[in-house]
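All remarks here apply to the structure that follows.
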Amino acid sequence: MEDVSEVTELEKLIEERLRGRVPAKIVEDAKNVLKKYTLTREELEKILEMIVEEYENNIIDPGEPVGTVAAQSIGEPSTQMTLRTFHYAGVRELNVTLGLPRLIELVDARKTPSTPLMYVYLDEEHKYDREKAAAIAREIELTRIENVTLRVDVDIFNNAVIIELDPEMLADKGLTIEDVKKVLEKLRTKKARVVISERNPNEIVIQFEEGIDPSKIEKLRDRILKMKIKGIKGINKVIIQRRGDEYVLVCEGSNLAEVMKVKGVDYRKVRTNNIKEVEEVLGIEAARALLIEEIMSVLEEQGLDVDIRHVMLVADMMTRTGTVKQIGRHGVAGEKPSVLARAAFEVTVKQLVDAASRGEVDELQGVAESVIVGGYIPVGTGRIKLVYNPYLKESSFQ
């Protein structure tokens, strides 16, 4: 069988078979991929026909109700999802919400996910060394006084709070008792003296002024335990995970803007599952891309095969105004220009009363409102406006 060995001959044949039948980008992609292989003319012809067939099978018909098809294509398989929280793969300490609860979070455009996560990739200097990765993990992880404390006592007779620190936890977090003492000295209260106990080097005594109300000491005790020693707000736990030959930090909690500033972090590869945060820090295009990725990830994890274009349409509708809006009465559905379409979705009476008070007019241009009044729906053949002109000569129709 004759091989199509010459690149120019191969490109010429691809041009002949594909040009005008598929978009120019597919033609160029076919050239770039197929020239890497040694194919017979018959094999090449068959592949090119398959490309055309696959492309034509993916073209939608004019007037296709793409919104309805997308809703059914995502909604129907979603009913098969399990209603539970899964453990993060390979990491027992972290939980991540998947399945239907996560899908609801995404389409509702929740401000904060129930299990926010970050994946922090490191630069060349730090990603291959576990100790260096651990140093960055300690810098990122939020550490409060309560995280390194063994015991807290309130001495009402001496107006003091006694904190016994855990030396193992201090070492694990890369801290010393002096670091904790410096933080406590910033306590905003009058005449509080912070000293390291002479009888126990792991104890810190906070001595308050005489005559202070005992109930105030109890309140101060709770405030002291919540004081931040180091780390980034929102990052509650950091786990070092090995991926291939590099180390990656998996964070419980999210603070994209601050983590990206940390020295040693590859800010170009930092990832979060918080859509709203990505919108604020990186912009609406990045938020749209993450929304598509997260929805597809949820569906694929459940073994559901949904065409990405349905998800892209949902993401486009949620982000078309420049901000991420939910699919619901406070977002996409609530902003429809049609009164009847809004009333058909939720809170019917309120929608009708509000529209009547404003004197709104419904042009009946959409699907829902056309169905309600029994008119032609603007999909498929309903999109065509064909009018017979009796004054035209019969020959005009030939």
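Laboratory data are not the source of any read-out in this text; all were calculated from the coordinates shown. Bear in mind the structure is a predicted one, so any value in this text is a computation, not a measurement. Please note: Cβ atoms are built from the backbone with ideal geometry, for glycine as well, and neighbour counts cover all protein chains shown.
Below are the figures for this structure:
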{"item": "At least 20 Å along the helix axis (C-alpha) and Kyte average at least 0.0, DSSP helices within the chain", "result": "284-301"}
{"item": "Relative contact order for the stretch 339-383, counting Cα pairs under 8 Å that sit 6 or more residues apart, in percent", "result": "33"}
{"item": "Residue order, fewest to most beta carbons within 10 Å, for Val311, Val387, Val107", "result": "Val387, Val107, Val311"}
{"item": "Set of lysines with alpha-carbon distance to Lys385 below 28 Å, sequence-local pairs under 8 removed", "result": "Lys336, Lys393"}
{"item": "Among the listed pairs Lys230/Lys263; Lys228/Lys269; Lys132/Lys181, those beyond 20 Å (Cα-Cα)", "result": "Lys228/Lys269; Lys132/Lys181"}
{"item": "Residue among Ile235, Ile224, Ile292 with the largest mean-square fluctuation in a Gaussian network model of the chain, springs linking Cα atoms under 10 Å", "result": "Ile224"}
{"item": "In sequence order, calculated HN-Hα J values of the stretch 267-272 (Karplus, 6.51, -1.76, 1.60; Hz; x Gly/Pro)", "result": "4, 6, 10, 5, 10, 9"}
{"item": "In Å, descending, principal axis extents of the Cα set of the chain", "result": "110, 73, 33"}
{"item": "Reachable aspartates and glutamates from Lys111, criterion Cα separation under 14 angstrom, eight or more residues apart if same chain", "result": "Glu277, Glu279, Glu280"}
{"item": "Calculated FRET efficiency for the pair Glu280/Asp179, C-beta based, R₀ 25 Å, to 0.05", "result": "0.20"}
{"item": "Interchain or long-range residues, amide H under 5 Å from Thr97's placed H", "result": "Thr115"}
{"item": "Those lysines that a straight Cα-Cα span of less than 23 Å connects to Lys12, excepting residues fewer than 8 apart in one chain", "result": "Lys25, Lys31, Lys35, Lys36, Lys46"}
{"item": "Stretchable slack from Asp29 to Glu64, in nm (0.36 nm times residue separation minus alpha-carbon distance)", "result": "9.8 nm"}
{"item": "The stretch 26-178: relative contact order in percent, alpha carbon pairs under 8 Å with at least 6 residues between", "result": "9"}
{"item": "Fewest-first sequence of Ser114, Ser254, Ser73 by Cβ atoms within 10 Å of each Cβ", "result": "Ser114, Ser73, Ser254"}
{"item": "The chain, relative contact order in percent, only Cα pairs under 8 angstrom and at least six apart counted", "result": "17"}
{"item": "Residue exposure sequence - Thr319, Thr381 - by fewest surrounding Cβ within 10 Å", "result": "Thr381, Thr319"}
{"item": "Amide H partners (placed H, <5 Å) of Asp166, local residues excluded", "result": "Thr149, Leu150"}
